[in-house]
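Report on the structure given below.
Bear in mind that the values in this text are calculations on the coordinates, not laboratory data. Computed from a prediction, not measured in an experiment: that's the story for all the values here. Virtual Cβ from ideal backbone geometry, glycine too; neighbours counted across all protein chains shown.
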Amino acid sequence: MDLKLVRLEETIDMSTTVKFVYVHWFGEDVPFVKKGRFGVVHGSVRTLFQPFHGDVETGSVSDLEESNLMTIIQESSGTKSKVLDTKEAEGRPERGFTAGGGTSIHNRPVGSGTRFAGVQGAARGGGEIGVDQTVNEAIAMVRSDASNTNWCVAAYTDGDVKKPVILLDSGSDALPGLKSQLSNDIVAYGLLRVTDVVDEIATVKFVFIKWVGEGVKPMSKAKISTHKSAIEAVFLPAHVSIFATQQSEVSEREIMSKVQSASGSKIHVK
């Protein structure tokens, strides 16, 4: 495994700005146990590389091509075009960055005795994970301008990373509500809607949170690395992605600092 910080340049409105991408590389031959052990300390090691504008966790060389790294930067800064050409759009499920519907969802955990009604996602490395439809519905509510819902959290059924990802809960009480779902013994994925003020104009931003509690077993931490692309296909795009293992890493101050850095609204004068 290896950790790197890559420096790139992005041009916005004829102005060139420097951006940094944090790279967490794990080779395909790295044993699951070793990946899991590193996951225990990854959060603290990651802070040594901050601040950065985007991050990538991969074992594929193609993900480190400049075009792919620039896509990460552009998605983070909000400069990437979200328009798909016909070929890219074929077979892709409809999922808006913001959704305008008023669809209601019944927020309830899906237990082992509940029939799974969702979609399968193919993950890099041969892994496959099911994502319940209620997760997609909750994400649509968070993105909807017509909804008061501003967060949702999903996790693996019964805490087993071999089982489908289901909706834990969603709500309108912002970060405190989201954090209440993040227990020490689960892996969870959340989407949070926040507001950032740029040039005196309030703008909506979305934050993707990957939570791996400190009590999660090493083997489970290693297993979820194969679910990365499938999970991101459901939760992204987002303006900021956060990996956290402790509640302190999901503070409002930390989140808004990352959001403002990505949007260029952060004041760097100390």
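Pulled fully out, how much extra length does the chain show between VAL18 and ASN148, if you take 0.36 nm times their separation in residues and subtract their Cα-Cα distance?
Values: separation 130, 0.36 × 130 = 46.80 nm, distance 3.60 nm.
Length gained, VAL18 through ASN148: 43.2 nm.
Which whole-number percentage describes the relative contact order of the range 174-219, with Cα contacts under 8 Å and a sequence gap of 6 or more?
On the way: 66 pairs, mean separation 19.4, N = 46.
RCO, the range 174-219: 42 percent.
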* Share of pairwise Cα separations in the range 128-270, more than 28 Å, in percent -> 17
* Structure fact -> Rounded to the nearest 0.05, FRET efficiency between ASP158 and ASP29 (Cβ-Cβ, R0 35 Å) equals 0.70
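Find how much the distance from THR47 to GLU128 grows on full extension, using 0.36 nm per residue of separation minus their present alpha carbon separation; answer in nm with one decimal.
The THR47-GLU128 span can extend by a further 26.1 nm.
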* To do: May I ask you to compute the full-extension gain from GLN246 to ALA202, defined as 0.36 nm times their residue separation minus their alpha-carbon distance, rounded to one decimal in nm?
  => 12.9 nm
* Structure fact -> Too long for a 24 Å Cα-Cα cut-off, among LYS19/LYS205; LYS19/LYS217; LYS162/LYS258, are LYS19/LYS217; LYS162/LYS258
